[in-house]
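Shown next, in structure tokens, is the structure this report addresses.
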């Protein structure tokens, strides 16, 4: 490089780094993996599909006036009694599978995300407090965690249905109740290790408030295992909802999520009417895989301990 | 250490008591099992006789008191559905579920840790990416769906493995288990795989995450600089340090395997505790539900205790016992 | 699609060929529900009764068409209005070799209603009956009033041995200590939740049992049960899921046998409250209970396309129903036919009754208790919506559903319009009439499952008359009249009768039974 070029190059670099913010750094780090970028875009597509389902779907599968049992179990591409073409076939109750999948995607995504987020927030907060405060508080909290973890999801769901009835919000409550303890335990484990480290003692010596130490120093270092668990749990929440529906204590039958569609289709697995369970199954698979690909890259990028 | 264990066990008693209270009243809220159990031809007199026979005509507090006094003597009540002592029903089926859980756990460790290590050490390789993709599949599919697929492929289409039930048992050192017979392993393989897929995925991802972090740490560089052979660096130093989250999760997962392998046991007609639990919940067989959950709570407490002790052994920075801030 | 199907069938052929050949040695049967105990009097429910019918027997048995045939009793007759005489079979031995006598029957009568902790005892089979031994092979049973259904009652009670039953508890039956019967198979093992093992009774008094060993395995999950049959792990399955029956029928390696069951699926309606909680006007305002008006009930019945339910929901494994039992059963009226699907007529009736714009309704049902229960609810809701009755469904887990349906509103039935199923134990219409449509009355024992609290004094009179008429021909007439009256007044809305389906390996044929029992004795080589 000649002497005249160098200052220009340096000047350029200075300009560029002056504009580089943590957000930009994050985005460029994220975009290192083409697969993750593809996954993020696809997730966006899924969310848009779910949000605009009422406008896109040929039929509202929750409206009993539009669904006809005479059109049940039609193979993909058939035209039914009502004159409608069932592009992906129809299920046992006569719902158009394409529409049901779009609406079901909506419910599955909201159930998975909401319950996962709420459970993580509650669980992480409780786990942090338990590890940091220690002593009796820690014992009490951990015993409550033990209690919660021993409680089978199906019993929780059944009791909620008995008292509150069925509904999407009830399922979210049930899933949060089942999941928070898992986060709490994991975070407590990491936080226990972290709070013994020197930087925490240093922060305390500096006179920083407890809340600040907890949330600005300990929590970020507990993030990696938490994010791994969170991405797994988001998928798990959606699959758990499918299992609860399979056991009959899930969502109401007339408003199926992808999970409920699959469990409804379970009885057709050996009957030759593959589309009733296969298409929702593929949709669920694709959704969960996408969420996890995005989560994977997020975790890699946010991890303070990975050399970058 | 002893004080710690004793204190933990004492707290457990409190937990168990609270659990029994919650379940008792929770099931009571859902309703009576009578309408599910009676013969449809029964008339009002028969229904009332059934309610009396099951002790359900007493006020709920009295029923709970009755249960509590019995529990302190070791009697956890009698199943409404089977007529046998609830504890006996559960213990009779425990070996079957333990077999399944142990087989699944073994698979998770044997396959999960090496695969996760490899994926963590060589994150950019093709094999590694395939492993990660496979791990995502592992927990994306609902258990019941995977179960019936396994049956379809391996039992119906290929005919290699039986589709249902538990194999013949043999007794060794006083323990009767189907894992002691070769034929028994044929029956355990499919349901254990069904259960294990989720766990393998989890272990792979955790191990990989831990490996990728730890590999850059100073102590690894130092160990290598010291000239230690790679297998010792990885096998001893690396492994010990990443095992903490893995141990936690495996501990919890074993508990889950034992307690809630409900779906797998139903699909494969495996005669374990999980199936008993779900049919008891569906028929509101309260004594069995309460007894089951008490046992499960105790089991989780013991597992957590073991995990905490293992923590302190694996990571000298963690001091046992609850410390104050 | 066809390729996929051929592949599946080819795989099925390969699998069954590769599996063990059918032998006279051992038969494995896949059950759909789990027998809960080996004590014949502990729990009066179909899975237990069916499994125990291999080991124990009754005075009177039922043939596959639900007709009464001699069992341990060779013959029976009334010797006066209130007394029946049963002549017991002479050359019957218990599994331990001791002879069967009247003492065993008397002991059974004493023991059956007194099993501790029994959730559904056999008390009703022996209630109000006094038994007297005349000699070792003759007994008299007396009742305070004429009791025409005595043989039917005796067709439900399994007879146990006095010698082994004395002092025996349910645990002793489960362990095999007291499980000594007179039946074609002997008890070997009961592994709860896993299987029941039986072995042939070489000294059986009747037709020589065909199989040397029988293993009963409960496999609750429908597809898993079918897979077990296709994989060759079992030789016969009961309760083949409706979704798979078409495929099984087309499979050259599978034999399917079916028969109409004693079970009817119907709707009960709130007919005792002025206002009913789950019906409102379309805008949500409270209205008077429309179901009190016969025209509304009839309209709803006409709005149901029963053929569609049979064809589309039940996949052909059912028969449209207009009354409580199918043709061929006792007490059926030949004049009552399933109402024709008539949505226009239904709308007219609604308008006549004062509901030209219909109303809003929530219908309830269990999920997973009856075959395709949720799909039936969905289909019926669609049909009602089309005649102007905006309908939503709520399908609850059976544990929650039956509690609320029976006593959810302060001890009274809670719901307005519910889906229920009924299987008549006696095989005649007197039992559903009495229990489902009789006025709810603790003293008389009528209406115990009358969740709509339908009440028609004239009907009650006819039912009581039938229950006291010993002459079969006369009773048939009275019952037919009662059924006609109840259906004319739309006391409940029946939709269909279920068809029981068994599937077996090629080379075996199952003699389908109306009582849903799966018996190794009914499985024969083709």
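Hey, among A:249, A:228, which residue is modelled with pLDDT under 75 and either under 23 Å from residue A:93 (Cα atoms) or surrounded by fewer than 24 Cβ atoms within 10 Å (Cβ to Cβ) (or both)?
Being modelled with pLDDT under 75 and either under 23 Å from residue A:93 (Cα atoms) or surrounded by fewer than 24 Cβ atoms within 10 Å (Cβ to Cβ) (or both) holds for just one of A:249, A:228, which is A:228.
Scan region B:166-189 for residues that are closer than 18 Å to residue C:218 by Cβ and modelled with pLDDT of 85 or more and jot them down.
Listed by number, the residues that qualify are B:166, B:187.
Are any residues in region C:91-120 out of contact with any strand residue (DSSP E or B) (no Cβ under 8 Å at 6 or more places or on another chain) and either within 14 Å of another protein chain (Cβ to nearest Cβ) or touching a residue at least 24 places away in the same chain (Cβ under 8 Å) (or both), and if so, which ones?
Selection gives C:91, C:94, C:96, C:97, C:98, C:107, C:111, C:112, C:113, C:114, C:115, C:116.
Hey, residue B:15 hits all of (1) more than 14 Å from chain C (Cβ to nearest Cβ); (2) within 20 Å of residue C:396 (Cα to Cα) but one; which does it fall short on?
(2)
From the list A:160, A:140, A:226, A:244, which one is farther than 30 Å from residue B:116 by Cβ, in a helix (DSSP H, G or I) and under 25 Å from the mean Cα position of the chain (by Cα)?
Criteria check complete, one pass: A:160.
If residue B:211 satisfies all but one of (1) within 28 Å of residue C:196 (Cα to Cα); (2) within 14 Å of chain A (Cβ to nearest Cβ); (3) assigned to a helix (DSSP H, G or I), what's the number of the condition it fails?
If we test residue B:211 against (1) within 28 Å of residue C:196 (Cα to Cα); (2) within 14 Å of chain A (Cβ to nearest Cβ); (3) assigned to a helix (DSSP H, G or I), just (1) comes out false.
Tally up the residues in region C:428-442 that are modelled with pLDDT of 90 or more, assigned to a loop (DSSP other than H, G, I, E, B) and at the interface with another protein chain (Cβ under 10 Å from one of its Cβ atoms), please.
Final tally of qualifying residues: 2.
Looking only at region A:129-148, how many residues end up being more than 8 Å from chain B (Cβ to nearest Cβ) and touching a residue at least 40 places away in the same chain (Cβ under 8 Å)?
5
Suppose we keep only residues that are closer than 16 Å to residue A:187 by Cα and modelled with pLDDT under 90 within region A:85-119. Which one would you say is surrounded by the fewest Cβ atoms within 10 Å (Cβ to Cβ)?
Among residues in region A:85-119 that are closer than 16 Å to residue A:187 by Cα and modelled with pLDDT under 90, the one surrounded by the fewest Cβ atoms within 10 Å (Cβ to Cβ) is A:117.
Does residue B:311 meet the test of being more than 7 Å from every other protein chain (Cβ to nearest Cβ) and more than 26 Å from residue B:241 (Cβ to Cβ)?
Judged against the criteria, residue B:311 is not a match.
Per-residue answers, yes or no, for (1) within 19 Å of the chain's Cα centre (by Cα); (2) within 30 Å of residue C:437 (Cα to Cα); (3) within 14 Å of another protein chain (Cβ to nearest Cβ); (4) modelled with pLDDT under 85:
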{"site": "B:97", "(1), (2), (3), (4)": "yes, no, yes, no"}
{"site": "B:101", "(1), (2), (3), (4)": "yes, no, no, no"}
{"site": "B:125", "(1), (2), (3), (4)": "no, no, no, yes"}
{"site": "B:142", "(1), (2), (3), (4)": "yes, no, yes, yes"}
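Taking residue A:233, is it more than 10 Å from chain B (Cβ to nearest Cβ) and in contact with a helix residue (DSSP H, G or I) (Cβ under 7 Å, 6 or more places away or on another chain)?
So residue A:233 does not fit the description; no.
Regarding residue A:283, is this residue more than 25 Å from residue A:62 (Cβ to Cβ) and assigned to a helix (DSSP H, G or I)?
no
Regarding residue C:402, is this residue in contact with a strand residue (DSSP E or B) (Cβ under 9 Å, 6 or more places away or on another chain), within 14 Å of chain B (Cβ to nearest Cβ) and touching a residue at least 24 places away in the same chain (Cβ under 8 Å)?
yes
Enumerate the strands (runs of 3 or more DSSP E) found wholly within region C:182-232, keeping only those where 2 or more residues are under 22 Å from residue A:268 (Cβ atoms).
none
So how many residues does region B:151-186 have that are assigned to a helix (DSSP H, G or I), under 21 Å from the mean Cα position of the chain (by Cα) and at the interface with another protein chain (Cβ under 10 Å from one of its Cβ atoms)?
Final tally of qualifying residues: 0.
Only one of C:475, C:513 is at pLDDT below 95 and touching a strand residue (DSSP E or B) at 6+ places or on another chain (Cβ under 7 Å); which?
Sole residue among the options that is at pLDDT below 95 and touching a strand residue (DSSP E or B) at 6+ places or on another chain (Cβ under 7 Å): C:513.
For residue C:268, work out the one condition from (1) in contact (Cβ under 8 Å) with a residue 40 or more places away in the chain; (2) closer than 30 Å to residue A:270 by Cα; (3) under 28 Å from the mean Cα position of the chain (by Cα) it doesn't fulfil.
Every condition holds for residue C:268 apart from (2).
Does residue C:104 fit the bill of being crowded, with 16+ Cβ neighbours inside 10 Å and more than 24 Å from residue C:68 (Cβ to Cβ)?
Taking the combined requirement at face value, the residue does not satisfy it.
Which of the residues belonging to region C:321-330 are touching a helix residue (DSSP H, G or I) at 6+ places or on another chain (Cβ under 9 Å) and either assigned to a loop (DSSP other than H, G, I, E, B) or surrounded by 22 or more Cβ atoms within 10 Å (Cβ to Cβ) (or both)?
C:321, C:322, C:323, C:324, C:325 - these are the residues of region C:321-330 that are touching a helix residue (DSSP H, G or I) at 6+ places or on another chain (Cβ under 9 Å) and either assigned to a loop (DSSP other than H, G, I, E, B) or surrounded by 22 or more Cβ atoms within 10 Å (Cβ to Cβ) (or both).
The values are calculated or read from the model by the stated rules, or taken from the named source; none is laboratory data. Source: prediction; values computed, not measured. Reconstructed Cβ throughout: ideal geometry from the backbone, glycine too, with neighbour counts over all protein chains shown.
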